[in-house]
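A.B. asks: Here you go, one structure.
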Amino acid sequence: MKRKISGRFTGILASVCLLLGGCGNIEPGQVKKVDTAMGTVIQQNLYVLGEEDYCGEILALLEELEWRELSWRLDTSQVYGINHATGEEGIPVTAKMADILDRCLELYQCSTGAFDVTMGTVVRLWDIDRYAADAEEGFRIPDKQELEAALSGCGSDKLRLVRLEPEEGGIQGMAAKLYRPEGMQLDLGAVGKGIALTRIQEYLRGEPDITGAVISVGGSILTYGGKPDGSSFRVGIRDPVDPSRNIGVLVLEGDWCISTSGDYERYVEVEGVRYHHLLDPSTGYPAHSGVRSVTVLAEDGFLSDGLSTACFILGAEKGMELAAAYGAEVLFVLDGGKIQMSPGMKACFQEG
């Protein structure tokens, strides 16, 4: 699936060339930075006209996204506020947060519950991220009663977006409320990196001196614009059996978001059984759908990230249908190593 740089982009670049008296002697410089934000590694590779370093501004954007909106830990964030709200009125949210939650509710419905952002209590019960980072020390498999109790308070049908009357004030006239048992938690981890890609994409489109970029947020990848030499972007897809190698690469042009969910990313092994971080909302246990990894290619980061999680939990057949319904391309690596992919993914996939 190859796509030319958009007319909007080429028009901006042409305008820059005219202002500077022609492009004959102008070549974008390459800026590379590796940092951390949102609890993960951020890799930036920008092609820039001029001397300004935009990497710091992108990093600050991600830090603010976590601090103001997405974190369930920080009491400055909207997610934290929703989780700790009392009373019946919920809390006011920004237009951007209202849009995120609205899209989460839609994907919950379209995936028949496979994508559920109210699984915070179950995620915390397993705490696989922490034990995977700490070499599994102290890991304990939750017992059935614990999981049933935690699951009883989950379900995105308990999340409501309500419009505030003008006299009630609030930001953008919207409020979010969890109609829940005490302790139920909203957790946007399944789409956090994708939301970050979309925000970066919006920022890049407002900076005409940035002519191209490849940016990775914890493995979710954004391609933008183009390379100075006109060559395509190449994004590797890891082999879930041996993550040190790739099963192939995606050859892309222009603006794309690529997200992968796999059982090899964050997991704990106990007596030969792998307990990974992709939890099935119907059972509370790590999903077993016959899939080792799912890679989704979409024009929007929320979709690439959210769909990769939902498709992993649903399995190849239902996941393929869900991705098609959203106009996204998808690649599955199954338990036996077999690869299945959508037609559009085949068009840009190269083995090896």
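A.B. asks: For segment 125-142, does any single residue satisfy the condition of being in contact with a Phe, Trp or Tyr (Cβ under 9 Å, 6 or more places away or on another chain), open to solvent by 70 Å² or more (accessible area, probe 1.4 Å), acidic (Asp, Glu) and under 16 Å from ASN83 (Cα atoms)?
C.D. replies: no
A.B. asks: Let me ask you something else. Just to be sure before I move on: is TYR203 out of contact with any Pro (no Cβ under 7 Å at 6 or more places or on another chain), more than 25 Å from LYS346 (Cα to Cα) and not basic (Lys, Arg) in the structure I sent?
C.D. replies: Values: out of contact with any Pro (no Cβ under 7 Å at 6 or more places or on another chain): yes; more than 25 Å from LYS346 (Cα to Cα): yes; not basic (Lys, Arg): yes.
Here the answer is yes, as TYR203 does meet what is asked.
A.B. asks: Look through segment 93-117, keep the residues that are under 17 Å from PHE302 (Cβ atoms) and of a type in the set (Ser, Thr, Tyr), and return whichever of them is surrounded by the fewest Cβ atoms within 10 Å (Cβ to Cβ). Don't jump to the end; show me each part of the working.
C.D. replies: Within segment 93-117, the first condition is being under 17 Å from PHE302 (Cβ atoms), and the residues that meet it are 93-111, 114-117.
Now drop any that are not of a type in the set (Ser, Thr, Tyr), which leaves 94, 108, 111.
Values: THR94: 15, TYR108: 22, SER111: 22.
Among those residues, the one meeting the criterion is THR94.
A.B. asks: Take segment 274-329 and flag every residue that is hydroxyl-bearing (Ser, Thr, Tyr), closer than 17 Å to MET119 by Cβ and crowded, with 19+ Cβ neighbours inside 10 Å.
C.D. replies: Narrowing segment 274-329 to residues hydroxyl-bearing (Ser, Thr, Tyr): 275, 282-283, 285, 289, 293, 295, 304, 308-309, 326.
Now restrict to residues that are closer than 17 Å to MET119 by Cβ: 275, 282-283, 285, 289, 308-309.
Hits for segment 274-329 are TYR275, SER289, SER308, THR309.
A.B. asks: Next up: Select from segment 243-273 the residues that are within 15 Å of CYS311 (Cβ to Cβ), part of a strand (DSSP E or B), in contact with a Lys or Arg (Cβ under 8 Å, 6 or more places away or on another chain) and open to solvent by less than 20 Å² (accessible area, probe 1.4 Å) and list them in ascending order.
C.D. replies: SER259, GLY262
A.B. asks: Between ILE195, ILE237, ILE200, which is at pLDDT 90 or above, among the β-branched types (Val, Ile, Thr), in a strand (DSSP E or B) and surrounded by 15 or more Cβ atoms within 10 Å (Cβ to Cβ)?
C.D. replies: Numbers: ILE195 fails: in a strand (DSSP E or B); ILE200 fails: in a strand (DSSP E or B).
Result: ILE237 is the single residue among ILE195, ILE237, ILE200 that is at pLDDT 90 or above, among the β-branched types (Val, Ile, Thr), in a strand (DSSP E or B) and surrounded by 15 or more Cβ atoms within 10 Å (Cβ to Cβ).
A.B. asks: Sticking with this structure for a sec: Inside segment 27-63, can you point out the residues that are under 14 Å from PRO228 (Cα atoms) and open to solvent by less than 50 Å² (accessible area, probe 1.4 Å)?
C.D. replies: Hits for segment 27-63 are PRO28, GLY29, VAL31, ASN45, LEU46, TYR47, VAL48, LEU49.
A.B. asks: In segment 279-299, how many residues are in a loop (DSSP other than H, G, I, E, B), closer than 23 Å to ILE258 by Cβ and polar (S, T, N, Q)? Even if it seems obvious, please write down each step before you answer.
C.D. replies: Here is the first cut: in segment 279-299, the ones in a loop (DSSP other than H, G, I, E, B) are 280-285, 287-290, 299.
Still in the running and closer than 23 Å to ILE258 by Cβ: 287, 289-290, 299.
Filter once more, keeping what is polar (S, T, N, Q): 289.
Number satisfying all stated conditions: 1.
A.B. asks: All but one of (1) modelled with pLDDT of 95 or more; (2) surrounded by fewer than 21 Cβ atoms within 10 Å (Cβ to Cβ); (3) touching a strand residue (DSSP E or B) at 6+ places or on another chain (Cβ under 6 Å); (4) of a type in the set (Gly, Ala, Ser) hold for GLY218; which doesn't?
C.D. replies: So GLY218 meets the others, but not (1).
A.B. asks: How do the pairs read when you match residues in segment 60-74 that are in contact (Cβ under 8 Å) with a residue 24 or more places away in the chain with residues anywhere that are open to solvent by 40 Å² or more (accessible area, probe 1.4 Å) and not aromatic (Phe, Trp, Tyr), using Cβ under 6 Å and keeping only pairs 6 or more apart or on different chains?
C.D. replies: Listed pairs, sorted by first residue: LEU62/MET38; GLU66/MET38.
A.B. asks: Just to confirm my filter: which helices (runs of 4 or more DSSP H) fall fully inside segment 61-133 and include at least 2 residues that are in contact with a Gly (Cβ under 9 Å, 6 or more places away or on another chain) and under 22 Å from GLY153 (Cα atoms)? Reasoning before the result, please.
C.D. replies: Values: elements: 78-83, 95-110, 120-126, 128-133.
The helices (runs of 4 or more DSSP H) meeting that bar are 78-83, 95-110, 120-126.
A.B. asks: Does any residue of segment 74-84 turn out to be open to solvent by 60 Å² or more (accessible area, probe 1.4 Å), at positive phi and among the aliphatic types (A, V, I, L, M)?
C.D. replies: No, every residue in segment 74-84 fails to be open to solvent by 60 Å² or more (accessible area, probe 1.4 Å), at positive phi and among the aliphatic types (A, V, I, L, M).
A.B. asks: Can you name the number of the only condition in (1) touching a residue at least 24 places away in the same chain (Cβ under 8 Å); (2) out of contact with any Asp or Glu (no Cβ under 7 Å at 6 or more places or on another chain); (3) under 19 Å from ALA328 (Cβ atoms) that ASP239 fails?
C.D. replies: The one condition ASP239 does not meet is (3).
A.B. asks: Continuing with the same structure: All but one of (1) in contact with a Lys or Arg (Cβ under 8 Å, 6 or more places away or on another chain); (2) touching a residue at least 40 places away in the same chain (Cβ under 8 Å); (3) open to solvent by less than 40 Å² (accessible area, probe 1.4 Å) hold for GLY153, so report the exception by its number.
C.D. replies: Checking GLY153 against (1) in contact with a Lys or Arg (Cβ under 8 Å, 6 or more places away or on another chain); (2) touching a residue at least 40 places away in the same chain (Cβ under 8 Å); (3) open to solvent by less than 40 Å² (accessible area, probe 1.4 Å), the one that fails is (2).
A.B. asks: Residues being acidic (Asp, Glu) and without any contact (Cβ under 8 Å) to a residue 24 or more places away in the chain: count how many of those fall in segment 242-275. Write out each step before concluding.
C.D. replies: To start, the set of residues in segment 242-275 that are acidic (Asp, Glu) comprises 242, 253, 255, 263, 265, 269, 271.
Filter again for without any contact (Cβ under 8 Å) to a residue 24 or more places away in the chain, leaving 242, 271.
Within segment 242-275, residues that are acidic (Asp, Glu) and without any contact (Cβ under 8 Å) to a residue 24 or more places away in the chain number 2.
A.B. asks: Only one of (1) surrounded by 15 or more Cβ atoms within 10 Å (Cβ to Cβ); (2) at pLDDT 90 or above is not met by ARG180, so which one is it?
C.D. replies: Against the list (1) surrounded by 15 or more Cβ atoms within 10 Å (Cβ to Cβ); (2) at pLDDT 90 or above, ARG180 comes up short only on (2).
The values are calculated or read from the model by the stated rules, or taken from the named source; none is laboratory data. Computed from a prediction, not measured in an experiment: that's the story for all the values here. For neighbour counting, all protein chains shown are included, and Cβ atoms are generated from backbone atoms with ideal geometry for every residue, glycine included. Calculation scope for accessible area: heavy atoms of the full protein, side chains included, ligands and nucleic acids excluded. Shrake-Rupley method; radii C 1.70, N 1.55, O 1.52, S 1.80 Å.
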